[in-house]
Amino acid sequence: MVDDKTKRRPSPHRGHAAVEFEPALAVLAGPGAGTLHVLVAPQTIIGRGEDADLRIADDGMSRKHVKILRAAGGLLNVLDLGSTNGVFVNGNRVDLAVLQLGDVLELGPTVRLRVVDARTEPVRVSTDGERAAALGLTDRQLDIARLVAEGLTNAAIAERLQISPRTVTSHLDHVYTKLDISSRAALVSQLAAAGLLGGAGEST
């Protein structure tokens, strides 16, 4: 990354008509790598907070890190929302910039996204493992979280998975921290929103 901070990135030359495309963000690195997020709404807030439109559970991101605004012709405006670790476009730090097809957006030290055309990008159906990774959960943490959703106590989960109750408690503490929640009800809500309510596996 380049340390010099660029306040604005010039818009495309007005003499050239913008080529219209269906904007989407392909996750190159970070939680959910390999997945595609189509930008349908006029604006999308990206961050690790529960109220972000596109939630990426990465510790290097702010709760509300950046706002993406759709512009004419499929172009996108990107606005740093006062993030701690900054917003970079093709290696240059920006506060406000125009994103074009092929640009790489870096959010903090880990997350990298590329602007792509959803019409030509291969459609992938994310697996449970990928959806869990997008929340920052390991396979074992997902197993335990799903058993919580079934209404099992920590002791019952320990017996089901043949681990100690202390291990269950430790895993749940990490899950709560990663998801920034404090209750079982909130955990169930997060799993439902991510499409992860299903049977627990036997991963280690």
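The values are calculated or read from the model by the stated rules, or taken from the named source; none is laboratory data. For clarity, every value in this text was computed on a predicted model and none was experimentally measured. Every residue, glycine among them, receives a Cβ derived from its backbone with ideal geometry; neighbour counts consider all protein chains shown. All accessible areas refer to the heavy atoms of the entire protein, side chains included, with ligands and DNA or RNA removed. Shrake-Rupley method; radii C 1.70, N 1.55, O 1.52, S 1.80 Å.
Of note:
- Close amide-amide hydrogen proximity is noted between residue 93 and 2, 6, each under 5 Å apart and 5 or more residues distant or on a separate chain (H modeled in the peptide plane; Pro and chain starts excluded).
- Entry note: the range 133-198 has Rg to Rh equal to 0.92, where both radii use alpha-carbon atoms and Rh is the Kirkwood radius.
- Modelled this way, with points 7 Å down the Cα-to-C-beta line, the labels at residue 189 and residue 79 are 2.7 nm from one another.
- Extended-chain gain in nm, criterion 0.36 nm per residue less alpha-carbon gap, residue 101 and residue 167: 19.1 nm
- Residue 142 accessible area, assembled protein chains, probe 1.4 Å, Å²: 10 Å²
- The range 13-104: relative contact order as a whole-number percent, Cα under 8 Å and 6+ apart: 21 percent
- HN-Hα J in Hz across the range 98-109 - Karplus 6.51, -1.76, 1.60, θ = phi - 60°, x for Gly and Pro: 9, 9, 10, 3, x, 5, 10, 9, 10, 10, x, x
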